[in-house]
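What follows is a single structure, written as structure tokens, with notes after it.
Here, each number is a calculation from the coordinates, and none is a lab measurement. Worth saying up front: this structure is predicted, and the values here are computed from it rather than measured. Because the Cβ atoms are built from the backbone with ideal geometry, glycine has one as well, and the counts that use them run over all protein chains shown.
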Amino acid sequence: MVRKEGQNCRNLRFKIHITPEQEKKLDDTLEYCRLIWNHLLSIKVELYDRFGLSVSNSSLENHLKNLDYPIHSSVRLDVFQRLCFAYDKFFDDLKKGRLKNTKPKKGKFVKRKDVPCGNNSSGFIKYGGILPKGHPKFKSKEDFSSFRYKQHGNGWKLEDNKLYLSKITGKSKPIKIDIDRLPDGELKTCTLKKEGKQWFAYLTVELPDNPVPSTPTNAVGIDIGLKSFITTSDDDFVEPPRFLRKAEKRLAKEQQKLAKMEFKSNNYNKQKQKVNRIHRKVASARNHFSHCLSKLLVERYDLIVFEDLKIKNLVKNNRLAKSISDVGWNKLVQHVTYKAAERGKIVDKVDPDNTTQVCSYCGTKKKEKLKLEDRTFHCSNCGLEIDRDLNASANILTKSSYYNPTTHTVGLAGMNGCGDGTSTTGPGISSQVPSMNQQMLNLVKG
């Protein structure tokens, strides 16, 4: 969904329960959408490749009306708009230099095969060209997994826990959908997505404007890492879940079976579904964990400060790339950001430079850089010795422009020069209230 400036929307995912007849219609609609994508893309590629012509979007949209597919007009139009968006992104990436070395090179470009075109799958075009890096690609059945109705009341409708879809469900046979409650707002789009053998509905709801953030009374700085998923300036931590690491043995076993099978055979396709199912379970568990932790943080604090890390640069480290991708730092920041905005709370991102090198008590910067294996920060000036992540989280909080030393306190502020002291959370709190790590375990387990 292309959102207008200032539009406040939420995308909500729900499981749907379909009959065999409805499943066939959903699969057929998905296939029609894929054929439309390939057909429209083939027109653009052929005209440019043979005659050097670029077809306008308006001409392509007029041609779309002549395609005779039994799907709703808004679904058909959405496929066209997705293709236009993909082209706009490709040209924008070229203009801004994001795509380098676009000449064909082995291993970096996908060779285009014969693809279906026209109003039925019997029409094919012959073309042996190579599409450059970043260019919209022709979609196989595995690459195209969703279609969208663009407006509530025009092609789709939700009443109670019943979903009505034009050309798919009749008035007397709606699709059952699992919805406990919807946030107050206006329903916009409905996206049907196939994940493995299951179908899900993604509903977009436009919410009222978020409340104006109030002056925060309690604040926290959060250092995200690999040893501890998060370490807060209140001397609390959450262990990394490592969902992918836990599934690695089973995943490797299933992938080895897949590698020994004949490519595209029936057994190959079945085994590939098993591998994909493991990946989906890992992604779902990681997403659930992030939602639980973000909810806990937003309920507890009014001001939450993160490091503004460049994840794309960090994963270039081959030794740490898998571990960084497994923890899902960016997902947590996204979830905390939108949940805090809905409650009138503040999320801030600060420059991560020197957060681990500066003493949070006296402000002295270490001359030598801490290595990854160095887990304790020692200040040569004031003698402070604390966990490096705890020291970094305090520095992250004090770097925020929203931080006010007169109203906000940091858990390390009571420490003396010898590194001894108490947290501002108060004496005996840890013995009365479960740690954040224990609360997370309780939330994840339900």
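Figures for the structure shown
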item	result
Efficiency of FRET from Cβ geometry, LYS367 and SER214, R₀ 41 Å, rounded to 0.05	0.45
Using θ = phi - 60° and Karplus 6.51 cos²θ - 1.76 cosθ + 1.60, couplings along region 282-295 (whole Hz; Gly, Pro as x)	5, 5, 5, 5, 5, 5, 5, 4, 5, 5, 5, 5, 5, 4
Length released on extending from SER435 to HIS288, taking residue separation times 0.36 nm less the Cα-Cα span	51.0 nm
Förster radius 30 Å - calculated FRET efficiency between ALA341 and VAL444 (Cβ-Cβ, nearest 0.05)	0.80
Cα centroid separation - region 365-382 against region 181-199, whole Å	49 Å
Pair TYR48, GLU61: separation of 7 Å Cα→Cβ label points (nm)	2.0 nm
Highest average packing first - 277-287, 87-97, 356-366, Cβ atoms within 10 Å	356-366, 277-287, 87-97
Approximate shape of region 1-67 as ellipsoid semi-axes (Cα gyration tensor, √5λ), whole Å, largest first	31, 22, 10
Spin-label pair THR407/THR19, simplified geometry with 7 Å Cα→Cβ offset, distance in nm	5.9 nm
Rounded Å value of the spacing that divides the Cα centres of region 7-68 and region 137-178	15 Å
Under 13 Å, Cβ to Cβ, from GLN22 - net charge with Lys/Arg +1 and Asp/Glu -1	+3
Separation of alpha-carbon centers, region 245-274 and region 317-355, rounded to whole Å	33 Å
Taking GLU385, GLU186 and counting other C-beta atoms within 10 Å, the order from fewest to most	GLU186, GLU385
Estimated distance in nm for a label pair at LYS274 and LEU314, the labels positioned 7 Å out from Cα along Cα-to-Cβ	3.5 nm
